[in-house]
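S.K.: Would you mind keeping the following structure in view while I ask a few things?
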Amino acid sequence: MVLGFMNQKIRIGMLGFGTVGTGTYRMLLDNREAINRKIGREIEISKIGIRDATKERALDQAHFTTDLNSIVTDPNIDIVVELIGGIDPAAELVEAALMHGKHVVTANKELIAKHGSRLVHLAKSKGLDLHYEAAVGGGIPLVQPLKHQLAGNEVIRMMGILNGTSNYILTKMEEEEADFADALAEAQAAGYAEADPTNDIEGIDTSYKISILASIAFGKQVPVEAIYREGISKIGITDIEYARSWGYKIKLVGVVDAVGNDAVSVRVHPSMIPNSHPLASVNGVYNALWLHGDFVGDVMFSGRGAGSDPTGSAVIGDLIDVGRNIVGGGSGSAIPYDMGMNVVPIDDIQSAFYLRLVVKDRPKTLGEISMVFGAHEISIAEMQMRTLPHDQGEIVFLTHRASEKAFADAIKQVRDLESVASVASSIRVEDKQ
Ligand SMILES: NC(=O)c1ccc[n+]([C@@H]2O[C@H](COP(=O)([O-])OP(=O)(O)OC[C@H]3O[C@@H](n4cnc5c(N)ncnc54)[C@H](OP(=O)(O)O)[C@@H]3O)[C@@H](O)[C@H]2O)c1
């Protein structure tokens, strides 16, 4: 009798069978024996929910249903794996699965960034697991190390390259001297960017991921709408060349700084990263998270941050964790966090800046600009100038650290100067150690 119970299969209901769903399924098939052995019981995919019943699938149609509610309410299913994405209908389905006593594994960054606190509390209150390793960094273990191995540290700073599409584009621009539009077109042709790339290139995807990481590290949910966000679409090849000449790479980063008194600064923007920083050598579709903890010091995780197989690998890792908890008789790792992280406004932080101006080529221009900087207590660390056609010139500055507000005010005034044709770009700069 007892033996019979132990041999009972753990039944999985999958919602979604797209990029991540198929990778998850493939890994489950290829590594079935090892996975079952590690859990201590056999796992089986009972049903797979999809939207379009007419699509050709690698599996027999009998496995699929378009009635996803029938999966999340099925009394025979132990774990629901949500791989649909977005909020509607994923949020309702995940909630229903938990209400019906099912553990949940999800890869859905938007869902966790926006509803993580509520859903994890719900899971905990029902004695269930809710895991979401695949939601951040694809195949790179980030969520579990932050929840567990690094949990004793005060995280002082985190900085992550968390979007493969943007990193691929910036790397192409850097290596092939391609301009932004060509690099984006290449990313789309290679299947790394979607037809509408807004979420990736405007930093929205990164904001979900950095919100999740900051929420875990600091124990309170960081509202996505409180995250300052700037994308990469205004970065030009000229900026990449100047950055190179000063020993930097331009990367789209999610940054979290502890600001004391239970507050954090969380932001997403392009940054000039010194070549000596480990994040500077993270190229192409690779992702990485670098963090500094008070006891552990500097740590970096890197790997493939998206794609069918790496993301499937993270989903399976979570499934094994939940499976072990089921076999071991308890839930363990739904770690709740509350709402209400205090996020300081971007104006209150300090940064060094890169600034590229197109100016009218005439005397006194530099003096006028310097006066504005001086009035806002912004001091210049480096400068380069060159002549452009049509009586114009280009002046590029690297500043020392200054307040965001002072820099923004200075830019407004500089833009209004008669001698300045345009503010071509401004990028935050990470300190060289
Ligand atoms: N792709 C990656 O590399 C990656 C990496 C990390 C995390 N993620 C996350 O993983 C999740 C899945 O992403 P994906 O790239 O695998 O997406 P995808 O390829 O677009 O697949 C989505 C799947 O969900 C199904 N689906 C979508 N809307 C549905 C609805 N309203 N009702 C029923 N089924 C629906 C689709 O059904 P049909 O097959 O019938 O169209 C499809 O099977 C997302 O949360 C994403 O952010 C993805």
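S.K.: Return the only residue of Ile369, Ile316 being modelled with pLDDT of 95 or more, in contact with a strand residue (DSSP E or B) (Cβ under 8 Å, 6 or more places away or on another chain), part of a helix (DSSP H, G or I) and of a type outside the set (Gly, Ala, Ser).
M.R.: Exactly one of Ile369, Ile316 is modelled with pLDDT of 95 or more, in contact with a strand residue (DSSP E or B) (Cβ under 8 Å, 6 or more places away or on another chain), part of a helix (DSSP H, G or I) and of a type outside the set (Gly, Ala, Ser), namely Ile369.
S.K.: Exactly one condition in (1) in a helix (DSSP H, G or I); (2) in contact with a helix residue (DSSP H, G or I) (Cβ under 9 Å, 6 or more places away or on another chain); (3) more than 14 Å from the ligand (Cβ to nearest atom); (4) of a type outside the set (Phe, Trp, Tyr) is false for Ala34; which is it?
M.R.: Among (1) in a helix (DSSP H, G or I); (2) in contact with a helix residue (DSSP H, G or I) (Cβ under 9 Å, 6 or more places away or on another chain); (3) more than 14 Å from the ligand (Cβ to nearest atom); (4) of a type outside the set (Phe, Trp, Tyr), Ala34 violates only (2).
S.K.: Look through the range 49-73, keep the residues that are hydrophobic (A, V, I, L, M, F, W, C) and closer than 21 Å to Lys126 by Cβ, and return whichever of them is nearest to the ligand (Cβ to nearest atom).
M.R.: The residue in question is Leu68.
S.K.: Additional query: Is it the case that the range 386-400 has a residue that's closer than 21 Å to Ile235 by Cβ and either under 29 Å from the mean Cα position of the chain (by Cα) or assigned to a helix (DSSP H, G or I) (or both)?
M.R.: yes
S.K.: A follow-up question, please. Those residues that are of a type in the set (S, T, N, Q) and either more than 16 Å from the ligand (Cβ to nearest atom) or in a strand (DSSP E or B) (or both), I need them from the range 281-310; list them, please.
M.R.: Across the range 281-310, the qualifying residues are Ser281, Asn283, Asn287, Ser302.
S.K.: Being crowded, with 17+ Cβ neighbours inside 10 Å and more than 8 Å from the ligand (Cβ to nearest atom) is the filter; apply it to the range 74-87 and report the residue that is farthest from the chain's Cα centre (by Cα).
M.R.: Step by step, filter the range 74-87, then rank; the result is Asp74.
S.K.: So, one more: Are there any helices (runs of 4 or more DSSP H) wholly within the range 135-245 with 3 or more residues that are surrounded by fewer than 17 Cβ atoms within 10 Å (Cβ to Cβ), and if so which?
M.R.: 180-189, 237-245
S.K.: Ok, one more. Has the range 347-365 got at least one residue that is in contact with a Phe, Trp or Tyr (Cβ under 6 Å, 6 or more places away or on another chain), among the hydroxyl-bearing types (Ser, Thr, Tyr), surrounded by 13 or more Cβ atoms within 10 Å (Cβ to Cβ) and modelled with pLDDT of 95 or more?
M.R.: No, there is no match, as no residue in the range 347-365 is in contact with a Phe, Trp or Tyr (Cβ under 6 Å, 6 or more places away or on another chain), among the hydroxyl-bearing types (Ser, Thr, Tyr), surrounded by 13 or more Cβ atoms within 10 Å (Cβ to Cβ) and modelled with pLDDT of 95 or more.
S.K.: I've got another one for you. Can you run down the residue pairs with Cβ atoms below 8 Å, 6 or more apart or on separate chains, where the first is in the range 351-372 and in contact (Cβ under 8 Å) with a residue 60 or more places away in the chain and the partner is surrounded by fewer than 19 Cβ atoms within 10 Å (Cβ to Cβ) and acidic (Asp, Glu)?
M.R.: Ala352/Asp431; Arg356/Glu394; Leu357/Glu394; Val358/Glu394; Val359/Glu394; Lys360/Asp391; Lys360/Glu418
S.K.: Quick check on Ile326: is it within 25 Å of Ile39 (Cα to Cα) and over 23 Å from the mean Cα position of the chain (by Cα)?
M.R.: The answer is yes for Ile326.
S.K.: Are there any pairs, at least 6 apart or on different chains, whose C-beta atoms fall under 8 Å, with the first in the range 52-74 and more than 21 Å from His103 (Cβ to Cβ) and the second more than 9 Å from the ligand (Cβ to nearest atom) and in a strand (DSSP E or B), and if so, which?
M.R.: Matching pairs, first to second residue: Phe64/Lys47.
The values are calculated or read from the model by the stated rules, or taken from the named source; none is laboratory data. Please read these numbers as outputs of a predicted model, since none were measured by experiment. In this analysis, Cβ positions are derived from the backbone assuming ideal geometry, glycine residues included, and neighbour counts consider all displayed protein chains.
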